[in-house]
Amino acid sequence: MQSAVAIPVLASVVAVFSAVAGQTVPSAGAPVGATDITFDEAAPVIDAVRQRAPAELNGVPTRASDWPAWVKRRDKEIRARLDRGDEDSVLNMLLFGTTFTRLPRALNDSSRLGGPQRAAEIVRGRIDDLAKGIISPGANERLQFARSVVQRSGIDPAADDARSRITQFLRDIMLRVVGEVQTYAETLQAARQLDPVDEFITRSKMLRSRGLSSDTSILPVDAIDEALEAIHTSVLGGSTVHRAAIIGPGLDFTDKAEGFDFYPVQTIQPYGLLDSLLRFKLAAAADEVYLTTFDLSPRVNGHIEVARQRAGTGASYTLELVHDVGATWQPRLTDYWRRFGDQIGTPADPVRPPRDAGAVDIRAVRIPSSVVSSITPRDLDIVLQHLKPTAAGPPFDLIVATNIFVYYGAFEQALALLNVATMLRPGGLLLSNNALPERLVPSMKAIGSTPVVYSDRRDDRDQIIWYQRQ
Ligand SMILES: C[S@@+](CC[C@H](N)C(=O)[O-])C[C@H]1O[C@@H](n2cnc3c(N)ncnc32)[C@H](O)[C@@H]1O
């Protein structure tokens, strides 16, 4: 699975760099029927963790009477991590954005920029340009978002000293992330010495102390398409997916790999999933699938809710799909990019990239309002909450969760797996690119996996595990 930021360029740039130196969105509403996990439900997991990894239980109550207050407190702490994730998104924009600067993108390989010194100059120039953009964001929605992040930190972008304070703020984010990224790189390096299974387990928890990023891209959406291709006859064969869910669909803001910022912020995974379900004949029509998205980010939920409300007035949703020509994608991924949306939408005229965006191919797909309306966003923290299946809302056939569980340690992953199990029908599937502690949750069992390689770049790969509800 992919990391949340560009590791190599940050590590090399900051070594040089440090030596010299909102939009309002509607909420998805109260999670209808969302229930906190109870002490009794969690007890078997707590007992199993106590036996195998007691350190994971730091602060977890041992008495049922203390549990509800702990759940509320922990939920608040988890949601508070969104702020740091938003800062990471601003950092990705700083490094890769093309709408606020004429400087080259700070690519993952500093040698392509002319070495670390030149890369540091570029990043310094980008910080300057971003600070100016945040002061005068105009209609650029990403700059408006970056401005809201800056304001949240107590800086007034209209004040006389705004430019120097914003510059310092951006440098501080970079230095914080570098510290985190160095730890991340060391963990990754150590993990490479392990056998493949242990390496995957280690990688699956690597962001447990990072901010919760909401960034996304077409890559994990392709990985789910590959997994569905592999299992549509063998595992899901004969049955049709009527109810599906995506945990943490995310927003394509400016991710650190293929990320660009010259088209409107968008969500990709819900449309990708519907497209794949139709492609592999797992659903008869997109609007016959009841698709729920679960997220704890008001920004993600608000974005999907706005699209849904607009669809109520007949408005379609246009996706811009960018292929960075220099990214050496595998042919399977390039094919996927080419056909994305052909089952649920129609081709549209793509936006024109700015001159400095480099060599990119762009496709646009218009998704009709009937499909957009079939997606319902719900506020839910999968670690601590679930929807109880009812006659009106029966359990899901399929749940997809990529790049979510990696933000949590084994105990919280096990709670999340338990919450997923509660929402799945027996035989239903969870597809995730993380190794989850299934031995702590006997109702979920890994029955197979799909390895995915995105490009020639090191570690640009994934593995989708198929967990089945027993
Ligand atoms: C890094 S993005 C991944 C987006 C997309 N699934 C992908 O693979 O590109 C993580 C998403 O999970 C959401 N998320 C993180 N923790 C969550 C939790 N405990 N419950 C629900 N959503 C969560 C974030 O808000 C964000 O939308």
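The values are calculated or read from the model by the stated rules, or taken from the named source; none is laboratory data. Values in this document were obtained by computation on a predicted structure and should not be read as measured data. All Cβ positions, glycine included, derive from the backbone under ideal geometry; neighbour counts span all protein chains shown. Protein only, heavy atoms only, side chains kept; ligands, DNA and RNA dropped before computing areas. Shrake-Rupley method; radii C 1.70, N 1.55, O 1.52, S 1.80 Å.
Of the residues making up segment 182-219, those that are open to solvent by 10 Å² or more (accessible area, probe 1.4 Å), within 16 Å of the ligand (Cβ to nearest atom) and in a helix (DSSP H, G or I) number 3. Is it the case that segment 169-180 has a residue that's modelled with pLDDT under 95 and either of a type in the set (Ser, Thr, Tyr) or under 14 Å from the mean Cα position of the chain (by Cα) (or both)? No, there is no match, as no residue in segment 169-180 is modelled with pLDDT under 95 and either of a type in the set (Ser, Thr, Tyr) or under 14 Å from the mean Cα position of the chain (by Cα) (or both).
Remark: pairs (first residue in segment 388-404, of a type in the set (Ser, Thr, Tyr); second residue within 16 Å of the ligand (Cβ to nearest atom); Cβ separation under 6 Å; 6+ apart in sequence or on different chains) = Thr402/Pro220; Thr402/Asn433.
Within segment 127-172, the set of residues being within 26 Å of Tyr263 (Cβ to Cβ) and of a type in the set (Lys, Arg) comprises Lys132, Arg142, Arg147, Arg152. Could you tell me whether segment 441-457 includes any residue that is in contact with a His (Cβ under 8 Å, 6 or more places away or on another chain) and within 15 Å of the ligand (Cβ to nearest atom)? Scanning segment 441-457 turns up no residue that is in contact with a His (Cβ under 8 Å, 6 or more places away or on another chain) and within 15 Å of the ligand (Cβ to nearest atom). For segment 361-378, the set of residues classified as buried (at least 19 other Cβ atoms within 10 Å of the Cβ), more than 16 Å from the ligand (Cβ to nearest atom) and not polar (S, T, N, Q) consists of Val365, Ile367, Val371, Val372, listed by residue number.
Table: residues versus (1) in contact with a strand residue (DSSP E or B) (Cβ under 9 Å, 6 or more places away or on another chain); (2) closer than 26 Å to Lys388 by Cα; (3) of a type in the set (Phe, Trp, Tyr).
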site: Tyr263; (1), (2), (3): yes, no, yes
site: Ser276; (1), (2), (3): no, no, no
site: Glu320; (1), (2), (3): yes, no, no
site: Arg339; (1), (2), (3): no, no, no
